[in-house]
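Just so you know, all these numbers are worked out from the coordinates, no wet-lab data involved. Just so it is clear, the structure is predicted and the values come from calculations on it, not from any experiment. As a convention, Cβ positions derive from the backbone with ideal geometry for all residues, glycine included, and neighbour counts pool all protein chains shown.
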Amino acid sequence: MNIYNVIIAGGGGTRFWPLSRQEHPKQLLNLSGEDALINETIKRISSLSNKEKLFVVTNEKQVELLKETVGDMCEYTNILSEPSARNTSAAIGYAAFHIMKKHGDGIMCVYPADHYIKNDVEFNNILKKAIKVAQENEKLVTIGITPTFPSTGYGYINFDKSSEYKDIAYSVVEFVEKPNYGKAKSYVNSGKYVWNSGMFVWKVSKILEDFKRYLPKVYDNLEKLSEFIGTDKEQEKLQQIYPTIPSISIDYGVMERSNDVVVVPGDFGWNDVGSWDVLGAIYPTDAEGNTKRGETIAIDTKDCIVYSEDKLIATVGVEDLIVVSTEDAIMVCRKDKAQDVKKIVDKLKEKDSKKYL
């Protein structure tokens, strides 16, 4: 069966403000120092299939910058623009209908655009195992990350170790939201949990069948829209229909409801780069545990993240802080409050401070 890669790239990356903005979100940033995160994702999966079988779903406000960022690594006709954010189920369903209408059935691999992976070779080994399971079974396959510490920032997947499929996959018992530290520690110690990576593999026909079963309102709207895919009325109907689709995540809408979900565990140096406090997963730290980018001076400074885009940042006698400077904004917070940076974005929206969004 043909393999189709689908990258979900419509997020705003609000926890990476002020570097990440609505029209220049995290996935289009070069955080690693090598390339934009979305380009690293495209390169990582390029051996599976050619760019004609690569689809990217993004917000319509980001389309032009995305095209500029990816260049010739993607067919522009395969960039699917969302007129409004309707969560991951709508984005994935829209891509699935596109693939089915343009190419017919096949294996659909879904990836977030903004994850960081150290070991591309091992990642592709795990991905090929997941594809094999999806090809041979009517299963929804998710890739789980073998936890290396009791993270409270990730969701977890509880799996049945006795349900082994050819030393590859295991039946999923339940999806667990971000736990407190005590629960996270017990999950890691049990050996029965993996982190939820948000990466999926399935037959196009299988996921559409499950949309029809578990998310009929989402399915019905996308089916109406699919009648116009590839026609001169597609954009007009997209503007009319897409904003009416119920907003629901693929995890809650399908994965948590289906009995056909299996997980393929893997360990390939994964990090979702979800907030400033995990930047140390990409950059090496100094002897005092500091992660520094740009022009910085750190005196008596410990376990801090200091990121400067345009000016010198000097710190004295501080620890466990995040300090970020961009052309028009400065953000300072404690590392244990990194998840709350998105509250700044919420406050800016309340104040209608569009120039900072």
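Things to note:
- Extended-chain gain in nm, criterion 0.36 nm per residue less alpha-carbon gap, I299 and I330: 9.2 nm
- Karplus-derived HN-Hα couplings along region 310-317 (A = 6.51, B = -1.76, C = 1.60, θ = phi - 60°), whole Hz, x at Gly and Pro: 8, 8, 5, 10, 10, 10, 9, x
- Volume of the Cα convex hull of the chain, divided per residue and given in Å³: 141 Å³
- Phi-derived couplings, Karplus 6.51 cos²θ - 1.76 cosθ + 1.60 at θ = phi - 60°, listed residue by residue for region 191-201: x, 10, 10, 10, 6, 7, 7, x, 10, 9, 9 Hz, with x used for Gly and Pro.
- Cα-projected label distance for Q239 with V176, points at 7 Å along beta-carbon direction, nm: 4.8 nm
- Straight-line reach from K343: taking Cα to Cα under 29 Å and skipping same-chain neighbours fewer than 8 places apart, the lysines in range are K26, K61, K178, K183, K185, K292, K302, K311, K335, K351, K354, K355.
- Cα-based helix-to-principal-axis angle, 181-190 vs the chain, degrees rounded to 10: 60 degrees
- Neighbour-count order for M331, M108, M199, fewest beta carbons within 10 angstrom listed first: M331, M199, M108
- Packing-based exposure ordering (other Cβ within 10 Å, fewest first) of V278, V218: V278, V218
- Relative contact order (%) - region 6-147, alpha-carbon pairs under 8 angstrom, separation at least six: 27 percent
- Counted charge near V306, where neighbours are those whose Cβ lies closer than 15 Å (Asp, Glu -1; Lys, Arg +1): -4
- Least to most buried among Y165, Y76 (fewest other Cβ within 10 Å first): Y76, Y165
- Here the label points at S186 and T77, each 7 Å from Cα along the C-beta direction, are separated by 5.5 nm in the simple model.
- The chain, relative contact order in percent, only Cα pairs under 8 angstrom and at least six apart counted: 19 percent
- The angle separating the long axis of helix 120-136 from the principal Cα axis of greatest extent in the chain is about 20 degrees.
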